[in-house]
1. Compute the acute angle (0 to 90°) between the alpha-carbon long axis of helix 74-101 and the principal axis of greatest extent of the alpha-carbon atoms of the chain; round to the nearest 10°.
2. Normalised by the number of residues in region 1-154, what is the relative contact order in percent for Cα pairs under 8 Å and 6+ residues apart?
3. Taking 35 Å as R0, compute the FRET efficiency from the Cβ-Cβ separation of Thr147 and Glu180 and round it to 0.05.
4. Mind telling me which of Gln158, Gln43, Gln75 comes out most flexible in a GNM of the chain, alpha-carbon contacts under 10 Å?
5. How many nm is it between the label spots at Trp192 and Asp58, if each spot is 7 Å from the Cα in line with the beta carbon?
6. Taking region 23-80 on its own, what percent of its Cα-Cα pair distances exceed 17 Å?
7. If you line up the long axis of helix 14-23 against the longest principal axis of the chain, both from Cα atoms, how many degrees apart are they, to the nearest 10?
8. Which residue fluctuates most in the GNM of the chain (Cα springs below 10 Å): Ile111, Ile127, Ile135?
Amino acid sequence: MMLIGLTGSIAMGKSEAAKYLASLDFPVFDSDSAVHKLYDSEQGAALIRALAPQAIVDGKVNRPRLSELVLNNKQLLGELEKIVHAEIQKQRIAFVDEARVAGAKAAILDIPLLFETGAEKYLDKVIVVSAPADIQRARALARPGMTAERLDLILARQMPDAEKCKRADAVIDTSLALAEMQKSLLTLFTNWGLIDHA
């Protein structure tokens with residue numbers, strides 16, 4: 001089974017790429033979704049409470065409050081990422097095992113901070129989704145609750161897009177129409193021998 005990482009900076013179209021690959025019946029592990037589920041669970045609240053008790057509201061992690069706490073506290077952010085990444089990594093390993101047992105040709109791991117966390121060493125291929133910076137910024141700022149300050153903080157934590165593209169096995173341009181992006185993925189997976197015909 002081929003292990004394929006899918007990554008890209010914020011608002012680059014990773015979710016759309018993941019959704020399309022899932023529609024082709026490839027199992028997709030969505031790290032962002034796994035983090036959200038963790039934050040909504042008692043287990044997640046217990047993990048975060050030790051570091052940021054004021055972010056726990058009604059037994060769950062209050063994400064906006066947590067964002068405010070880490071906005072200007074790099075040490076807290078680093079500590080949070082360490083414990084959250086460890087938990088998500090456990091879930092990812094279980095997901096890969098299940099996909100292998102089910103006989104999947106490939107499993108897709110959607111990991112926002114893939115290169116930043118060194119995850120590429122466990123993967124066979126890495127796909128980076130990319131778009132010009134002005135398109136990325138416009139998409140990100142259109143998201144509910146996103147501010148220029150918050151976006152700049154997120155971008156500062158992420159490896160520059162050009163560096164990600166250099167390290168990738170394949171780069172998918174997401175500035176084009178959705179159908180074009182899907183066609184590029186279909187061609188890529190056909191070339192990698194994972195789909196019989198494009």
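Coordinate-derived values only; no laboratory data. Everything quoted here is computed from the prediction, not taken from an experiment. All Cβ positions, even for glycine, are placed from backbone atoms using ideal geometry, and neighbour counts span all protein chains on display.
1. Helix 74-101 sits at roughly 40 degrees to that axis.
2. Details: 178 pairs, mean separation 73.2, N = 154.
Worked out over region 1-154, it gives 48 percent.
3. Values: r = 31 Å, r/R0 = 0.88.
Here the calculated transfer efficiency is 0.70.
4. So, out of Gln158, Gln43, Gln75, the one fluctuating most is Gln75.
5. 4.0 nm
6. That fraction is 42 percent.
7. 50 degrees
8. Ile135
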